[in-house]
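The structure under discussion appears below in the form of C-alpha cells.
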C-alpha cells in the first residue's frame, strides 16, 4: 500500500513515512492510494475491537516496517470499552469517551504514539506538534507521557478551552511540553503548519504531527467506526446511519474511510457548531475559510478545517453526506431536552450531533438504526452542562485522577520565532 499527497506533487510513500512526517513535502495531506473492501469479512473473524482493528488496518501496513508490530500496537491502543447506549428504538449513543482522558481522541492518540515509539531513533526522538482546541492535546499528552522516542509539544488557545481541558492539557510529565498560545485554534494550527514548512526546523527537531493531519489518527478512527457500525448492522440487519460532531473534519472523514473499506455505513451526517465553513460549503458548493467563532462546543471551533483538503480530493465517495449547523442556544436546549427525556447527558459537542438527529424527519429516523457519536465525557464541560441539567456531575475515575495532578503550561506568542524558542528549550 502506498499513500499519496492530496496535491499530487510528492512521491508516494509507505505508511511509516507518512506517519513520520505527518504532512507531505508539497504541503498536501496523505491519503491511501486505494481502499480494501474487507470490513465485512473481518467481522466474521473478530468480535473484539483490538482484533478487528488489527485486521482492518493490515492492508495499509502490509509490507511496512510497522506491520510486524501492528497487532501489539492495536492491543494497546484499542483496549478501551466502546458501548452503544440505546436511547430509543432507532437511536443509540456510541460512547467514545471511556479512554483515560475521556474523549474519542484517546483511540487515535494511543495508536499514533505507539507507532512513533516503534519507529523512533532514541538518539533523535520525534517531536510531535499538536495544535488542539481541547481534547486532542490531552489525549496526545497522556499517550506520550513516559515514552523515550517521542517528545510532545501541545499548543492550545489560551482562554478558549474549558477549565477542565486547560488542566488536562497541562498536567502531563516528561516528555510533554504545553504551550498556551495567545490566539485562537486556527492560529495554533497555522503555527504548526508553518513549523512543518520550515525545512531547517523540521529536520533539526524531527517534527511530526499528532493532529488529524497525520493519517494514523484517521485510520485508527476509521477502524473503531467500522467495528461499531458492523456490530450494529449484525444486530439490526440494516446499515446504520452515523452522526458525527466535527470541527477539523478528521472524525467525519474517518467515517467515509470506514465505508470505503466495506463497513456497512449508511448516511453520514456531520454536525458542526456555529462555525459555518462546512455547512456553507455543503449548501453552496463554495468553500470559504474564515476566522473561528468561540462557542460552548469549543473543540469544534474551527473556521479552516484542515481535512477539507482530503474530503474534497475526490478520493472518497461522499454519497449520503449531510451537514447541520447548531448554535449554542440550541446546544443547551438539546442537552436539557434529552436529559429530561432519556436521563442521558451529552457534552456540548455530542449535543450538536443529537440535535442533527432530532432534525431528521421521523420517516428517516425510523428507516434505519442511527449511531450518534458521543465524543467526550460531559464532566469535562461541567461548567456548561451542569447549569442546564441542574445536577452536579461526577468525574469518572480516570478524570478524577487527572484533577489530582499538578499543572504547568508556558505562554507562547502565535509566531514561528516564539515556537522555535520553545523547541530550542526541549
*Most exposed first by the Cβ proxy, i.e. fewest other Cβ within 10 Å, how do 396, 363, 5 rank?*
363, 396, 5
*asked:* Give the separation of the Cα centroids, segment 296-329 to segment 364-426, in Å.
replied: 20
_Cα gyration tensor shape of segment 68-221, rounded if a/c is under 1.5, else prolate or oblate by comparing a/b with b/c_ = oblate
*asked:* Given segment 245-308, report the % of alpha carbon pairs whose separation exceeds 20 Å.
replied: 28
*Run the quick spin-label model on residue 88 and residue 145: label points 7 Å from Cα toward the beta carbon, then report their separation in nm to one decimal.*
4.0
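Within 10 Å of each residue's Cβ, count the other Cβ atoms and sort 328, 415 from fewest upward.
Going from least to most buried by this count: 415, 328.
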*Report the far tail of the P(r) of segment 17-80, meaning the percent of Cα-Cα pairs longer than 14 Å.*
64
*Give, as ranges by residue number, the residues of segment 274-305 whose backbone N falls under 20 Å from the point 7 Å along Cα→Cβ of residue 398.*
298-300
*residue 294 paired with residue 198, simple spin-label distance in nm, labels 7 Å along Cα-to-beta-carbon*: 2.7
*Determine the shape class of segment 206-302: with a ≥ b ≥ c the square roots of the Cα gyration tensor eigenvalues, call it rounded for a/c under 1.5, and otherwise prolate if a/b is greater than b/c, oblate otherwise.*
oblate
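Once fully extended, how much extra length lies between residue 425 and residue 123, figured as 0.36 nm per residue of separation less the alpha-carbon to alpha-carbon distance?
Length gained between residue 425 and residue 123: 107.0 nm.
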*With springs only between Cα atoms under 10 Å apart, run a GNM on the chain and tell me which of 211, 85, 273 wobbles the most.*
85
_Span per principal axis, largest first, for the Cα atoms of segment 321-395 (Å)_ = 36, 22, 19
*Percent antiparallel among DSSP beta bridges with both residues in the chain, to the nearest 5?*
20
*asked:* Could you tell me the relative contact order of the chain? Use alpha-carbon pairs under 8 Å, at least six residues apart, and round to a whole percent.
replied: 18
*Which number do you get for Rg(Cα) / (2.2 N^0.38 Å) in the chain?*
0.90
*Most exposed first by the Cβ proxy, i.e. fewest other Cβ within 10 Å, how do 80, 15, 372 rank?*
80, 15, 372
*Taking the Cα-to-Cβ direction at residue 33 and at residue 359 and moving 7 Å from each Cα, how far apart do the two end points lie in nm?*
4.0
*Helical contribution to [θ] at 222 nm, DSSP H n ≥ 4, -39,500 (n - 2.57), averaged over the chain, rounded to 500*: -12500 deg cm²/dmol
*Projected area of segment 67-140, taken from the Cα convex hull and averaged over every viewing direction, in nm²?*
6.6
*Specify the inter-centroid distance of segment 167-221 and segment 110-155, based on alpha-carbon positions, in whole Å.*
9
*Would you work out if segment 1-142 is rounded, prolate or oblate? Take a ≥ b ≥ c from the square roots of the eigenvalues of the alpha-carbon gyration tensor; rounded if a/c is under 1.5, else prolate when a/b is larger than b/c, oblate otherwise.*
prolate
_Radius of gyration, Dmax [segment 261-369; alpha carbons; angstrom]_ = 14.9, 43
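Values quoted throughout were computed directly from the atomic coordinates according to the rules given, and no laboratory measurement underlies them. Source: prediction; values computed, not measured. Cβ: placed from backbone, ideal geometry, glycine included. Neighbour counts: every protein chain shown.
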